[in-house]
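All remarks here apply to the structure that follows.
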Amino acid sequence: MSASRFRDSIESRSSWMAAAITTAILAISYGAPLLVVVGLKPITASLGTDRSVVALAAALVWVGTGMGGIVMGWVADRIGVRSTVVFGALMAALGLAVSTTGQVWALVLGHAILIGLLGNSAHFPPLVVYISRWFDRRRGTAVALISSGQYVAGMLWPTVFERAMTRFGWQATMLGYAVLVAAAILPLALFLQPPPQPSRGAAAVGREMRRRGRALGLPANLVQTLLSAAGFLCCVPMAIPAGHLVALCTDLGIPAAHGAVMLSVLLGSAFVSRLFWGWLADRIGGLGTVLAGAACQALAIAAFAVTQDEVGLFTVSAAYGLGFSGIVPAYVLAVRELFPAAEASWRVPTVLFISMSGMAFGGWFAGALYDHFGFYAPAFAAGALFNVANLGVIGFLVARQTREPRLPAVLPA
């Protein structure tokens, strides 16, 4: 990399400070939907409903987060990311409180609307765009880092939630976490500063992209549609272990506490490997990283369908976490590589919305297949088929990219 490209870069120590603060916010924000994952069986029993109904409440958090993220990306561009994050924290805390009232409708409303549509939507999609504007040379690594907030939550909270629910019940645990969300995120948001203006090279690249109106030799919006479809297809299987692993363990006679630890192992290995995937994405690009990560996920999701013992599930969970963790950040990087920076505030949240809809569908679909068959193997087999379809779409886009070289992210000064 030439010295002129370093001089034109916007990256600084402040960039990494912004990334660290954002990671901390997301580590707390993403604890909220994990409460239902860990408490799936006791919440189902307490409300006297089906497992798929409670799984649907957790799944709708992803739909709400993605749908609301499109609007919140626009809002953050106009009122600032700090105010947007504060609003999201208050809504997520309110959603957790509403969900404790003991009614099925309240659980669904609290998670879908308050935690998802108005809460986490004001955190993940806007903050991903926000951080992507602090970096140009190591954008993949930075986006991977902040996206790891989800896995920090996965390492930290499941065991805490399981023990708290055993001692105090799921409602008291959920209410206590509502207080924590507000008390922790509000002061962190005060440290979020406006990102720097794009470098001269990046601005020139953006103008050229907008003039062309195309990506990979295709109409830009067609590429956007294919990326979104690929995101949906890969997130359906991604949601199955994340949403049903604890319940799967108890069905096999494995204690819930061990299942919570297993979920932490899965998300912990995802956290460890995500920085590697970000490093790789900075070198081979977003699309290539999506293809590699999706191939690893396909192998691991198939392994879940045939694994029944505790040691085997721990092994597969760790391998699954290592494989799938780089996929979603790589989609963000692919959008930033293929489209102008000025369009990131709606293109990135749109891809995330469709992807999170896949997470929602996958979580619900696995619960529905369990209710029908009485065991989880059909759900994991279906997830593997969705993964194969995803590989087909991404493989097509990667083939197009080999014939349509990427514009450089930063041009010489």
### Summary
If we take region 274-358, then helices (runs of 4 or more DSSP H) inside it with 1 or more residues that are modelled with pLDDT of 85 or more, touching a Gly at 6+ places or on another chain (Cβ under 7 Å) and not aliphatic (A, V, I, L, M) are 286-305, 327-338
### Task
State yes or no: is Met67 open to solvent by 60 Å² or more (accessible area, probe 1.4 Å), outside any loop (DSSP other than H, G, I, E, B) and hydrophobic (A, V, I, L, M, F, W, C)?
yes
### Query
Is it the case that Gly259 is crowded, with 24+ Cβ neighbours inside 10 Å and over 14 Å from the mean Cα position of the chain (by Cα)?
yes
### Task
Looking only at region 74-92, decide whether some residue is under 14 Å from Ser121 (Cβ atoms), at pLDDT below 90 and surrounded by 17 or more Cβ atoms within 10 Å (Cβ to Cβ).
no
### Summary
Picking from Gly243, Gly217, the residue that is of a type outside the set (Val, Ile, Thr), surrounded by fewer than 22 Cβ atoms within 10 Å (Cβ to Cβ) and touching a residue at least 40 places away in the same chain (Cβ under 8 Å) would be Gly217
### Task
Identify all residues within region 363-377 that are surrounded by 24 or more Cβ atoms within 10 Å (Cβ to Cβ) and either modelled with pLDDT under 85 or under 9 Å from Trp62 (Cβ atoms) (or both); write none if there are none.
Gly363, Gly367
### Message
What's the number of the only condition in (1) part of a helix (DSSP H, G or I); (2) buried (at least 17 other Cβ atoms within 10 Å of the Cβ); (3) at pLDDT below 90 that Ser4 fails to meet?
### Response
(2)
### Query
Within the bounds of region 170-192, is there any residue that is open to solvent by less than 10 Å² (accessible area, probe 1.4 Å), within 18 Å of Val37 (Cβ to Cβ) and polar (S, T, N, Q)?
no
### Query
Which residue pairs have Cβ atoms under 9 Å apart, sit 6 or more places apart or on different chains, and have a first residue in region 52-71 that is over 15 Å from Ser228 (Cα atoms) and a second that is among the charged types (D, E, K, R)?
Ser52/Asp371; Val54/Lys41
### Message
Condition (residue is open to solvent by less than 20 Å² (accessible area, probe 1.4 Å) and within 27 Å of Ala399 (Cα to Cα)) applied to region 302-319: is it met by at least one residue?
### Response
no
### Query
Quick check: anything in region 332-341 open to solvent by 20 Å² or more (accessible area, probe 1.4 Å) and either farther than 21 Å from Gly217 by Cα or aromatic (Phe, Trp, Tyr) (or both)?
no
### Task
Could you list, in sequence order, all residues of region 141-162 that are out of contact with any Phe, Trp or Tyr (no Cβ under 7 Å at 6 or more places or on another chain) and not acidic (Asp, Glu)?
Val143, Leu145, Ile146, Ser147, Gly154, Leu156, Trp157, Pro158, Thr159, Val160, Phe161
### Summary
Of the residues in region 160-169, those that are touching a residue at least 40 places away in the same chain (Cβ under 8 Å), open to solvent by 40 Å² or more (accessible area, probe 1.4 Å) and within 23 Å of the chain's Cα centre (by Cα) number 0
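The values are calculated or read from the model by the stated rules, or taken from the named source; none is laboratory data. Just so it is clear, the structure is predicted and the values come from calculations on it, not from any experiment. We place every Cβ from the backbone using ideal geometry, glycine too, and count neighbours over all the protein chains shown. For the accessible areas, the whole protein counts, side chains as well, though only heavy atoms, and no ligand, DNA or RNA atoms are used. Shrake-Rupley method; radii C 1.70, N 1.55, O 1.52, S 1.80 Å.
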